[in-house]
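Student: Got a structure for you, questions after.
The values are calculated or read from the model by the stated rules, or taken from the named source; none is laboratory data. This is a predicted model, so every value here is computed, not measured. Note: ideal-geometry Cβ built from the backbone for every residue, glycine included; neighbour counts use all protein chains shown.
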Amino acid sequence: MTTPGDSAAEIWPLWEVFVRSNRGLSHVHVGSLHAPDETLAVRNARDLYTRRSEGVSVWVVPAAAITTSDPDAKGAFFESPAGKNYRHASYYSKSEGVKHL
Amino acid sequence: MTSTITPDTSATVAISVEEQQFNDLIEADSRIEPRDWMPEGYRKSLVRQISQHAHSEIIGMQPESNWITRAPSLKRKAILMAKVQDEAGHGLYLYSAAQTLGATRDDMTDALIAGKARYSSIFNYPTPTWADMGSIGWLVDGAAICNQVPLCRASYGPYGRAMVRICKEESFHQRQGFEILLELMAGTEEQREMAQDSVNRWYWPALMMFGPPDDDSPNSAQSMAWKIKRHSNDDLRQRFVNMLVPQAAVLGVTLPDPDLHFNEVTQQWDLGEIDWTEFHEVLAGRGPNNAQRLQRRRDAHEEGQWVREAAAAYARKQYALTTTLEMAAS
């Protein structure tokens, strides 16, 4: 029986830490840490990443629970928006000079 | 140019698509991220540098923790504790950055306590007086900042990001050290002597923190080509001394280098000869406190073993309990 995310090389699993710096803003990834469980992960995250009032809320996520896009396929995977600059307001230049557009 | 294409097979070695992508990212001053392809040498070089840096932060807690109980006031104790806690945090940010390269925390810790890994030679010097807390902040943390600010732009993303956090926090360290010395210099004759004596002892070791001179720094050129390092050891050392001279004047302390003089041509401060024999001796483990620092780190690791195991055992038990409850409920 093991804790989720631990390994032979690390007695405690790795957690990714997200901090919300202020109400109204998103949680942003700030780094990672090791902790035996989620309770201690939150406490360690507070000690490690918010010693100077950097946050009003902390998320911790087991690093092993994160699914990422395939780094080798990044070209093809993110290709779809290429050549679709009509998705941006700046594509429509004829209205240049017209107010409130 | 002629339009005839003759394949040049004499010098160029074909490189893979991945390597070309890596080279392009470095060339464009972009960042390499953990799951990108990278040359083995780049990975190794980063693991070596980042883990040495992490070890330095962790060992660096010792010379100062030595003074927490004896700091002259409650406020000074609180400040020193906050500073030592920061060093622990810096070590953890850096270990995390090294782990994104496939190094494990356990391997790095084992290498440190087995005496196989290096850390900054500066932390092998003793701190016999309170003024040393001032000198460490002003000179040692000052040199560290000078080194670390350009590292915020290191080509490896996680390292650069860790350095951004660290640099923000280090500036408090340097200022509080400067203030300690400033207060001592405004004190009694004895206090002024204590401050000057401390500066005399820390000045040269602080200059050695930038590493060997450029013509004797084997890893520097490659590190700069990979944009891990942005400036040479000697350039950073020069920049540091240029900043120190006016600061020393504000403090009223003398820098212990009789050859230090302003060069009108270069508009820089030329420094005297650095004793590199001392640097290599300390690096080789023969400094004043090497054995003591390592022994203390080893003891702390071994004495904490049961805590790490107990916490992991508790987590396993809790996890097993919730899993059983969930299975029973379904």
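Student: Please identify the pairs in which a residue from the range B:101-120 that is away from chain A (no Cβ under 11 Å) and aromatic (Phe, Trp, Tyr) has its Cβ atom under 8 Å from the Cβ atom of a residue that is surrounded by 17 or more Cβ atoms within 10 Å (Cβ to Cβ) and not in a loop (DSSP other than H, G, I, E, B), counting only partners at least 6 apart or on another chain.
Tutor: B:Tyr119/B:Gln52; B:Tyr119/B:His55; B:Tyr119/B:Ser56; B:Tyr119/B:Ile58; B:Tyr119/B:Ile59; B:Tyr119/B:Leu112
Student: Select from the range B:100-132 the residues that are surrounded by 17 or more Cβ atoms within 10 Å (Cβ to Cβ), in contact with a Pro (Cβ under 9 Å, 6 or more places away or on another chain) and over 13 Å from B:His53 (Cα atoms) and list them in ascending order.
Tutor: Scanning the range B:100-132 gives B:Thr100, B:Leu101, B:Asn124, B:Tyr125, B:Thr127, B:Trp130, B:Asp132.
Student: Here is a follow-up. For residues in the range B:109-138 being assigned to a loop (DSSP other than H, G, I, E, B) and under 17 Å from the mean Cα position of the chain (by Cα), which is nearest to B:Glu190 (Cα to Cα)?
Tutor: First pass over the range B:109-138, keeping only residues assigned to a loop (DSSP other than H, G, I, E, B): B:114-120, B:125-130.
Okay, now just the ones that are also under 17 Å from the mean Cα position of the chain (by Cα), so B:117-120, B:125.
Numbers: B:Ala117: 40, B:Arg118: 37, B:Tyr119: 34, B:Ser120: 31, B:Tyr125: 22 Å.
Going through the qualifying residues, I end up with B:Tyr125.
Student: Go through (1) modelled with pLDDT under 90; (2) in a strand (DSSP E or B) for A:Val30 and report which single condition fails.
Tutor: (1)
Student: Of the residues B:Leu244, B:Leu294, B:Leu255, which single one is surrounded by 18 or more Cβ atoms within 10 Å (Cβ to Cβ), out of contact with any Ser or Thr (no Cβ under 8 Å at 6 or more places or on another chain) and outside any helix (DSSP H, G or I)?
Tutor: On the way: B:Leu244 fails: outside any helix (DSSP H, G or I); B:Leu294 fails: outside any helix (DSSP H, G or I).
Among B:Leu244, B:Leu294, B:Leu255, only B:Leu255 is surrounded by 18 or more Cβ atoms within 10 Å (Cβ to Cβ), out of contact with any Ser or Thr (no Cβ under 8 Å at 6 or more places or on another chain) and outside any helix (DSSP H, G or I).
Student: Still on this structure, I have one more. Among the residues of the range B:270-299, write down those that are under 23 Å from B:Met108 (Cα atoms) and over 21 Å from the mean Cα position of the chain (by Cα).
Tutor: Listed by number, the list holds a single entry, B:Asp299.
Student: For the range B:28-57, what are the residues that are within 14 Å of another protein chain (Cβ to nearest Cβ) and within 19 Å of B:Met209 (Cβ to Cβ)?
Tutor: Result: B:Ile50, B:Ala54, B:Glu57.
Student: Output yes when any residue across the range B:32-40 is assigned to a helix (DSSP H, G or I) and either β-branched (Val, Ile, Thr) or surrounded by 21 or more Cβ atoms within 10 Å (Cβ to Cβ) (or both), and no when none is. Spell out the reasoning first.
Tutor: Initial filter on the range B:32-40 (assigned to a helix (DSSP H, G or I)): B:40.
Okay, now just the ones that are also either β-branched (Val, Ile, Thr) or surrounded by 21 or more Cβ atoms within 10 Å (Cβ to Cβ) (or both), so none.
No, that holds for no residue.
Student: Among what's in the range A:9-45 and is under 11 Å from A:Trp59 (Cα atoms) and touching a Gly at 6+ places or on another chain (Cβ under 7 Å), pick the residue that is surrounded by the most Cβ atoms within 10 Å (Cβ to Cβ).
Tutor: Looking at residues that are under 11 Å from A:Trp59 (Cα atoms) and touching a Gly at 6+ places or on another chain (Cβ under 7 Å), I get A:Val17.
Student: Given the options B:Ser217, B:Ser232, name the one that is surrounded by 14 or more Cβ atoms within 10 Å (Cβ to Cβ), among the polar types (S, T, N, Q), closer than 26 Å to B:Ala162 by Cα and out of contact with any Gly (no Cβ under 8 Å at 6 or more places or on another chain).
Tutor: B:Ser232
Student: For the range B:258-271, which positions are of a type in the set (A, V, I, L, M, F, W, C) and assigned to a loop (DSSP other than H, G, I, E, B)?
Tutor: Initial filter on the range B:258-271 (of a type in the set (A, V, I, L, M, F, W, C)): B:260, B:262, B:265, B:269, B:271.
Across the range B:258-271, the qualifying residues are B:Leu260, B:Val265, B:Leu271.
Student: Taking the range B:273-291 as the search range and keeping residues that are charged (D, E, K, R) and not in a helix (DSSP H, G or I), which one is nearest to the other protein chains (Cβ to nearest Cβ)?
Tutor: Checked the range B:273-291; the qualifying residue nearest to the other protein chains (Cβ to nearest Cβ) is B:Asp275.
Student: How many residues does the range A:17-37 contain that are in contact (Cβ under 8 Å) with a residue 12 or more places away in the chain and more than 7 Å from chain B (Cβ to nearest Cβ)? Spell out the reasoning first.
Tutor: Initial filter on the range A:17-37 (in contact (Cβ under 8 Å) with a residue 12 or more places away in the chain): A:17-23, A:27, A:29-37.
Subset that is more than 7 Å from chain B (Cβ to nearest Cβ): A:17-23, A:27, A:29-30, A:35.
Counting residues in the range A:17-37 that are in contact (Cβ under 8 Å) with a residue 12 or more places away in the chain and more than 7 Å from chain B (Cβ to nearest Cβ) gives 11.
Student: Taking the range B:139-178, which residues are β-branched (Val, Ile, Thr), surrounded by fewer than 20 Cβ atoms within 10 Å (Cβ to Cβ) and either part of a helix (DSSP H, G or I) or touching a residue at least 60 places away in the same chain (Cβ under 8 Å) (or both)?
Tutor: B:Ile145, B:Val164, listed by residue number.
Student: While we're on this one: Out of B:Glu326, B:Glu303, I need the residue that is of a type outside the set (Ser, Thr, Tyr), within 14 Å of chain A (Cβ to nearest Cβ) and at negative phi. Which one? Write out each step before concluding.
Tutor: Working: B:Glu303 fails: within 14 Å of chain A (Cβ to nearest Cβ).
Sole residue among the options that is of a type outside the set (Ser, Thr, Tyr), within 14 Å of chain A (Cβ to nearest Cβ) and at negative phi: B:Glu326.
Student: Continuing with the same structure: Pick out the one residue from A:Leu40, A:Leu14 that is within 9 Å of chain B (Cβ to nearest Cβ) and either at pLDDT 90 or above or over 27 Å from B:Arg308 (Cβ atoms) (or both). Walk me through how you get there before you give the answer.
Tutor: Details: A:Leu14 fails: either at pLDDT 90 or above or over 27 Å from B:Arg308 (Cβ atoms) (or both).
The match here is A:Leu40.
Student: Now, a different point. In the range B:193-215, what residues are outside any loop (DSSP other than H, G, I, E, B) and without any contact (Cβ under 8 Å) to a residue 24 or more places away in the chain?
Tutor: So in the range B:193-215, the residues outside any loop (DSSP other than H, G, I, E, B) come out as B:193-208, B:214-215.
Listed by number, the residues that qualify are B:Glu193, B:Asp214, B:Asp215.
Student: Among the residues of the range B:64-100, write down those that are within 13 Å of chain A (Cβ to nearest Cβ) and of a type outside the set (A, V, I, L, M).
Tutor: B:Lys83, B:Gln85, B:Asp86, B:Glu87, B:Gly89, B:His90, B:Gly91, B:Tyr93, B:Tyr95, B:Ser96, B:Gln99, B:Thr100
Student: When the residues of the range A:53-84 are narrowed to those that are surrounded by 10 or more Cβ atoms within 10 Å (Cβ to Cβ) and in a helix (DSSP H, G or I), which ends up nearest to the other protein chains (Cβ to nearest Cβ)?
Tutor: For the range A:53-84, the residue satisfying everything is A:Pro71.
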